[in-house]
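*Asks:* Handing you this structure, nothing more for now.
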Amino acid sequence: MKKIVIHSPGGHTHLKLEEHPDLEAGPGQVVVSTHAAGVNYADVCVRWGVYESAKRFVGWPITPGFEYSGFIKHAGSGVTRFKPGDPVFGIGFFNSYASEVCVSAKHVYPIPAELGLSGSAAFPAVFMTAYHALFQLVRLPARARVLIHSAGGGVGSALVQLCRIAGFESVGVVGSSHKVSYVRELGANHVIDKSKEDWSRRAKELVPGGFDAVLDANGTSTLRASYELLRPTGKLISYGSHSILPMSASGRMNYLKAAWGMIRMPRFSPVRLFTDNKSVIGFNLSFLFDRDDLITEGMDALLRWVEEGRIIPPKVTEFLLENAGEAHRLLESGQSTGKLVLLMNRNANPS
Ligand SMILES: NC(=O)c1ccc[n+]([C@@H]2O[C@H](COP(=O)([O-])OP(=O)(O)OC[C@H]3O[C@@H](n4cnc5c(N)ncnc54)[C@H](OP(=O)(O)O)[C@@H]3O)[C@@H](O)[C@H]2O)c1
């Protein structure tokens, strides 16, 4: 099998394509010959050595990747749901940038026709993140007003879709004009292009009474303003901090920028929280991989919505596995919309 291995933190050249022995399924596991692996911003953070769960649970060397699609190669003892050749996809805890993955059969799903082979590799991580944020972490009122930062990205575009399904009024914020139409097509009620206008002033004009929730993975650059936009009982959901990370084409970490961003990270006083009646909540799904209850409930609901045609498959841009650095470069540029995937097969034609 071939896989991408990172031996030490660094730029794009630290993503090494290597040959390794084929995998064997243990009890309750399956080995999947992969067609594609989804690329997430978290994988870039893994490469930089700043992704906490990767440092805590894996260390170096590490193969990034939280999601894959492909065909069952073989199943371990006790697995009766799948047989060799079945098309499947699922969530993995790292290791998905590889032509084979060995995973617990619990988190493997048949590929719905609506998603297809590449679309299913682009689906579970961002949709499960969005589902957890909107439906498991908090209980929002009917017709909640929700502001979504980076609404054209992977998680952001999933949040826009889930808001539409839930009947929430969504305001998407994007950093570049070319993302506006995509976010509208997914069902956002309003889109703010922050490259053209003051996003917080426009958000206040659109929803003068304040938001029930703001979804913010920018971190330092917007958290304070996001908090101010909440109405009493509103929730600021913080799930990332990409604004303190570099956007340079070199792909190298800028520790000075990150340290300065951490120093300027807003602190929220508990006294202010209870007098304002607002909440600040954080989560990171990669620390919840042992929570089968959350993943099963979320994936069941999401796959039902896919089958009912209520979820539009994410827009996918394909790269070959050996060009993983190019995919990372695009994601780091902040210009991508939808999702990126890595194809394992040289004969597959990247779009
Ligand atoms: N906590 C969790 O469980 C969890 C799970 C999945 C993802 N996440 C986080 O959610 C965020 C989105 O992840 P994703 O994979 O879906 O990525 P993405 O949204 O497809 O791409 C990142 C987007 O963030 C914005 N951005 C702002 N500053 C940036 C910077 N310095 N570098 C790159 N992009 C920047 C850009 O959009 P605009 O310019 O349009 O804003 C960019 O398109 C990331 O912060 C990720 O770590 C958290």
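*Asks:* Could you identify the single residue in E332, E318, E322, E326 that is farther than 18 Å from L159 by Cα, at pLDDT 95 or above and open to solvent by less than 20 Å² (accessible area, probe 1.4 Å)?
*Replies:* From the options E332, E318, E322, E326, the qualifying one is E332.
*Asks:* Report yes if D276 is farther than 25 Å from V174 by Cβ and modelled with pLDDT under 95, otherwise no.
*Replies:* no
*Asks:* If I ask for residues that are of a type in the set (A, V, I, L, M) and more than 15 Å from the chain's Cα centre (by Cα), which ones from segment 283-329 would you list?
*Replies:* Listed by number, the residues that qualify are L294, A301, L303, V306, I311, I312, L320, L321, A324.
*Asks:* Next question, about the same structure. Got a sec? Which of P270, P246, P266 is open to solvent by 40 Å² or more (accessible area, probe 1.4 Å) and in the same structural domain as Q161 (by TED's automatic domain parsing)?
*Replies:* P270
*Asks:* Let me ask another. Can you find, within segment 95-130, the residue that is farthest from the ligand (Cβ to nearest atom) among those that are among the aromatic types (F, W, Y) and either open to solvent by less than 10 Å² (accessible area, probe 1.4 Å) or outside the structural domain of D43 (by TED's automatic domain parsing) (or both)?
*Replies:* For segment 95-130, the residue satisfying everything is Y97.
*Asks:* Restricting attention to segment 54-83, and to residues there that are free of Cβ contacts under 8 Å to residues at least 40 places away in the same chain and not in a loop (DSSP other than H, G, I, E, B), which single residue is surrounded by the most Cβ atoms within 10 Å (Cβ to Cβ)?
*Replies:* F71
*Asks:* Which condition from (1) of a type outside the set (D, E, K, R); (2) within 12 Å of the ligand (Cβ to nearest atom); (3) assigned to a loop (DSSP other than H, G, I, E, B) is the one that P313 breaks?
*Replies:* Condition not satisfied by P313: (2).
*Asks:* Do we find a residue being in contact (Cβ under 8 Å) with a residue 24 or more places away in the chain and among the basic types (K, R) anywhere in segment 126-140?
*Replies:* Among the residues of segment 126-140, not one is in contact (Cβ under 8 Å) with a residue 24 or more places away in the chain and among the basic types (K, R), which makes the answer no.
*Asks:* Can you find even one residue in segment 285-308 that is away from the ligand (no atom under 15 Å from the Cβ) and assigned to a loop (DSSP other than H, G, I, E, B)?
*Replies:* Within segment 285-308 (the criterion being away from the ligand (no atom under 15 Å from the Cβ) and assigned to a loop (DSSP other than H, G, I, E, B)), the answer is yes, since at least one residue qualifies.
*Asks:* On to the next question. Under the condition of being of a type in the set (A, V, I, L, M, F, W, C) and open to solvent by less than 10 Å² (accessible area, probe 1.4 Å), which residue from segment 44-53 is nearest to the ligand (Cβ to nearest atom)?
*Replies:* Among those residues, the one meeting the criterion is V44.
*Asks:* Also: Might you let me know whether segment 329-344 holds any residue that is more than 14 Å from the ligand (Cβ to nearest atom), without any contact (Cβ under 8 Å) to a residue 24 or more places away in the chain and not β-branched (V, I, T)?
*Replies:* No - not one qualifying residue is present in segment 329-344.
The values are calculated or read from the model by the stated rules, or taken from the named source; none is laboratory data. In this text the structure is predicted, and so the values were computed from the model without any measurement. Cβ atoms come from the backbone with ideal geometry, glycine included; neighbour counts cover every protein chain shown. Just so you know, the surface numbers come from the protein's heavy atoms only, side chains and all, with ligands and any DNA or RNA stripped out. Shrake-Rupley method; radii C 1.70, N 1.55, O 1.52, S 1.80 Å.
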